[in-house]
Amino acid sequence: MISIPVPIHEKSNSGIDLPPEEIIFGRSRAMQEIRKCLTSVAGANVSVLLQGQSGTGKEILARYIHDHSMWSNGGFVKLNCPAIPGTLFESELFGYQRGAFTGAYTAKPGLVEMAHRGTLFLDEIAELDAAVQAKLLQVLQDGQFCRIGAQTERRIEVRIVCATNRNLEREIQTGSFRQDLFFRINVVNVQLPSLKDRKEDIPALVDYFLKRYTATYRRPATPPSQFFMTFLEKYEWPGNIRELENAVKRLVILGSEEPALQSLENAKPKVLADECFEIPEGPLPLKQITRDAVKQIEKKVILRTLEAHRWNRRMVSRALGISYAALLYKMRQAGVPARQPKTRKQMEATVA
């Protein structure tokens, strides 16, 4: 295993201590290209769109951009878009005046205002409602917004960094995301590679997390075995760096490799074998057989994911990396009910 003599973290202006740049960007060619891009972009006040799978480090890069910008002394304000109901989103983003609605006893600034001369980080921006997308577009166009219940507009200067694990071009095609907003936030686009595409960085990441969590939990260092490291380098990492971090954290806390290895084995997606579809009898074009097979596989994947998330369709859409509207469409096409069947018999009829 490679041991890199770097500090546990570097002081950050964004509110948390970031890993050293050697850890953030590693040695892979893809991340080195991203490093060059962000070095050029960080000092310019342009919008940046970070795209990549969950757990690839989009928030870390957003904070890195802030720390290297001309407004690094300003606030780094994060908004997790799926965490706020649509009815409250506008007031959270733009704030409100006293008396704007029942319960508004005092004026409250919104997150846009709090990020003035700083960075506003919109995480999972694909989840924004259409109405809020239109108002955010106005802020990006002219730097002005209006609190709920206010009569005058306020002017702000803010750096916008957005992140998503969705394909926004596809979201535009389904009508879930505004094309004009996409053009505004996509001035600089950064595509983060998945961990399986930068496996040469795994030894340094493991070393970093070991040092960090042995210090955090005050546990003796347990150097991983060669078998453990080989397993990590061959694993596909559906949860990316976040999953790797959790595996090392288990190793430190439990003092054994076995629980960490077991958790990764259990997390492997179940392979859908030939029980997923049936080859029909009689002559049929190959394209037709393929389309039918894909539909059957999609239905089984959707049903299994619904069961795993207790039929919470919002969580399922995020887990599958598709929009909520696309999930509902695929459920209707596959004949999957909108609500969980009450009986086992009904469930079996749905799967059949």
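The values are calculated or read from the model by the stated rules, or taken from the named source; none is laboratory data. This is a predicted model, so every value here is computed, not measured. Positions of Cβ are backbone-derived with ideal geometry, glycine not excepted, and every protein chain shown enters the neighbour counts. Each accessible area value is taken on the protein alone, full model and side chains, heavy atoms only, with ligands, DNA and RNA left out. Shrake-Rupley method; radii C 1.70, N 1.55, O 1.52, S 1.80 Å.
Taking SER72 and the conditions (1) out of contact with any strand residue (DSSP E or B) (no Cβ under 6 Å at 6 or more places or on another chain); (2) part of a loop (DSSP other than H, G, I, E, B); (3) closer than 20 Å to THR152 by Cβ, which numbered condition does it fall short on, given that it satisfies the others?
Exception for SER72: condition (3).
Please identify the pairs in which a residue from region 63-87 that is without any contact (Cβ under 8 Å) to a residue 24 or more places away in the chain has its Cβ atom under 7 Å from the Cβ atom of a residue that is part of a helix (DSSP H, G or I) and of a type outside the set (Lys, Arg), counting only partners at least 6 apart or on another chain.
Close Cβ pairs (under 7 Å, with a partner that is part of a helix (DSSP H, G or I) and of a type outside the set (Lys, Arg)) amount to ILE84/GLU92.
Which number in (1) modelled with pLDDT of 90 or more; (2) open to solvent by 10 Å² or more (accessible area, probe 1.4 Å); (3) among the hydrophobic types (A, V, I, L, M, F, W, C) marks the one condition that LEU120 misses?
All conditions are met except number (2).
Residues are listed down the side, and each one gets a yes or a no for (1) at pLDDT 85 or above; (2) touching a Phe, Trp or Tyr at 6+ places or on another chain (Cβ under 9 Å); (3) not in a loop (DSSP other than H, G, I, E, B):
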site	(1), (2), (3)
GLU307	no, no, yes
LYS330	yes, no, yes
LYS342	no, no, no
LYS345	no, no, yes
THR350	no, no, yes
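Quick check on region 51-60. Is at least one of its residues surrounded by fewer than 13 Cβ atoms within 10 Å (Cβ to Cβ) and out of contact with any Gly (no Cβ under 7 Å at 6 or more places or on another chain)?
No: zero hits.
Tell me the helices (runs of 4 or more DSSP H) entirely within region 86-146 that contain at least 3 residues that are out of contact with any strand residue (DSSP E or B) (no Cβ under 6 Å at 6 or more places or on another chain).
86-94, 130-142
For region 153-252, give me every one of the helices (runs of 4 or more DSSP H) that falls completely inside it and has 3 or more residues that are within 21 Å of VAL46 (Cβ to Cβ) and open to solvent by 10 Å² or more (accessible area, probe 1.4 Å).
So the answer is 179-185.
May I ask you to list the residues in region 100-112 that are open to solvent by 60 Å² or more (accessible area, probe 1.4 Å) and in contact (Cβ under 8 Å) with a residue 40 or more places away in the chain?
PHE101
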